[in-house]
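K.L.:
Before we start, here is the structure in question, set down as structure tokens.
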Amino acid sequence: MIPRVLAISPPSLGPWVDQLAALAASGVDSLILRLVEDPDGLDQVLSRGLPAGLQVLIRPVRPDDMSLARRAGLGLNLPASWDLRQRPPGAVPFGMSCHTGPDLARATALGANYALLSPVFAPTSKPLDRRPRLGLGGLGAHCRTATIPVLALGGVTAGRAEACLGAGAAGVAGIGAFFVAGSVDSVGAAAMVAACRCEAPQDTPG
């Protein structure tokens with residue numbers, strides 16, 4: 001399933017680990033477990049069980065995380081710098097983080113199911129991020145040329161979600177829109193879901 005509303009976890013363990021049912025209840029359909037600051041924390045999250053109806057993907061950090069995803073029936077989300085020779089195991093759905101047109105081409109060559117394109121706006125969870133912003137114009141240009149679905153990431157709020165979808169994004173993603181101070185923001189998540197339901201889904205590229 002191509003994510004429509006995708007939450008990205010905080011980089012380390014926190015209260016959010018025991019609040020994933022609330023995230024799913026808000027209508028969020030997908031979650032990336034991105035524990036880059038606490039790789040072994042992934043095992044703790046999975047041991048607690050995952051709520052039904054929430055598609056979960058792993059941002060691989062440890063050498064065996066790709067195999068773990070296959071064994072656990074989870075997906076993967078790969079960084080833009082991923083070695084194209086390390087193709088994910090067959091039948092494991094995966095996306096790829098992208099920042100440029102060449103990144104999107106790499107994701108397509110690897111066989112990614114979708115791409116996370118950022119930063120569209122200034123990331124709320126990364127106040128020191130100084131990368132150039134794509135803006136709606138840049139997002140739309142990449143969506144028109146991409147041959148895989150593109151999700152908008154970076155400063156995407158409920159107030160901006162509809163515009164991102166209107167520019168051609170297949171969905172939206174974020175950290176700060178779904179998590180605050182290490183906890184699930186159920187109100188913010190529900191607002192994002194409601195905003196995405198206001199815009200009819202775009203036809204997927206290809």
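The values are calculated or read from the model by the stated rules, or taken from the named source; none is laboratory data. Model, not experiment: these values are computed from the prediction. Quick reminder, even Gly has a Cβ in these numbers, built from the backbone with ideal geometry, and neighbours come from all protein chains shown.
K.L.:
Out of Arg59, Arg87, Arg48, Arg71, report the one residue that is modelled with pLDDT of 95 or more, basic (Lys, Arg) and out of contact with any Phe, Trp or Tyr (no Cβ under 8 Å at 6 or more places or on another chain).
P.N.:
Just a single option satisfies the conditions, and that option is Arg59.
K.L.:
Only one of these is out of contact with any Lys or Arg (no Cβ under 6 Å at 6 or more places or on another chain) and either under 17 Å from Ser12 (Cβ atoms) or in contact (Cβ under 8 Å) with a residue 40 or more places away in the chain (or both): Leu35, Leu54. Name it.
P.N.:
Within the list Leu35, Leu54, the selection yields Leu35.
K.L.:
Scan the strands (runs of 3 or more DSSP E) fully inside region 1-93 and keep the ones with 1 or more residues being farther than 22 Å from Arg106 by Cα.
P.N.:
On the way: elements: 5-8, 30-33, 55-58, 75-78.
Answer list for region 1-93: 5-8, 30-33, 55-58.
K.L.:
If you don't mind, there's one more thing I want to ask. How about region 161-181: which of its residues are closer than 20 Å to Arg130 by Cβ and touching a helix residue (DSSP H, G or I) at 6+ places or on another chain (Cβ under 9 Å)?
P.N.:
Of everything in region 161-181, those that are closer than 20 Å to Arg130 by Cβ and touching a helix residue (DSSP H, G or I) at 6+ places or on another chain (Cβ under 9 Å) turn out to be Gly174, Gly176.
K.L.:
Can you spot a residue in region 174-183 that is in a loop (DSSP other than H, G, I, E, B) and more than 16 Å from the chain's Cα centre (by Cα)?
P.N.:
yes
K.L.:
Filter region 93-145 down to the residues that are without any contact (Cβ under 8 Å) to a residue 24 or more places away in the chain, out of contact with any Phe, Trp or Tyr (no Cβ under 9 Å at 6 or more places or on another chain) and among the aliphatic types (A, V, I, L, M) and list them by number.
P.N.:
Residues satisfying the conditions are Ala105, Leu128, Ala141.
K.L.:
So, Val92, is that one surrounded by 13 or more Cβ atoms within 10 Å (Cβ to Cβ), of a type in the set (Val, Ile, Thr) and over 18 Å from Leu31 (Cα atoms) or not?
P.N.:
When the stated conditions are applied, Val92 does not pass them.
K.L.:
If you don't mind, another one. State whether one or more residues within region 37-52 are surrounded by 14 or more Cβ atoms within 10 Å (Cβ to Cβ), among the β-branched types (Val, Ile, Thr) and under 27 Å from Pro132 (Cα atoms).
P.N.:
no
K.L.:
Still on this model: State whether the residues of region 133-148 include one that is part of a strand (DSSP E or B), β-branched (Val, Ile, Thr) and surrounded by 19 or more Cβ atoms within 10 Å (Cβ to Cβ). Spell out the reasoning first.
P.N.:
In the first step, residues of region 133-148 are kept if they are part of a strand (DSSP E or B); the result is none.
Among the residues of region 133-148, not one is part of a strand (DSSP E or B), β-branched (Val, Ile, Thr) and surrounded by 19 or more Cβ atoms within 10 Å (Cβ to Cβ), which makes the answer no.
K.L.:
Further question on the same structure: For region 1-32, name all the residues that are aliphatic (A, V, I, L, M) and within 9 Å of the chain's Cα centre (by Cα).
P.N.:
Matches in region 1-32: Val5, Leu6, Ala7, Ile8, Leu31, Ile32.
K.L.:
OK, next. Filter region 54-92 down to the residues that are closer than 22 Å to Ser118 by Cβ and among the basic types (Lys, Arg) and list them by number.
P.N.:
Arg59 - this is the single residue of region 54-92 that is closer than 22 Å to Ser118 by Cβ and among the basic types (Lys, Arg).
K.L.:
Out of all the residues in region 20-35, which are in contact with a strand residue (DSSP E or B) (Cβ under 6 Å, 6 or more places away or on another chain) and either of a type in the set (Lys, Arg) or over 22 Å from Val61 (Cβ atoms) (or both)?
P.N.:
Result: Ala22, Val28, Asp29, Arg34.
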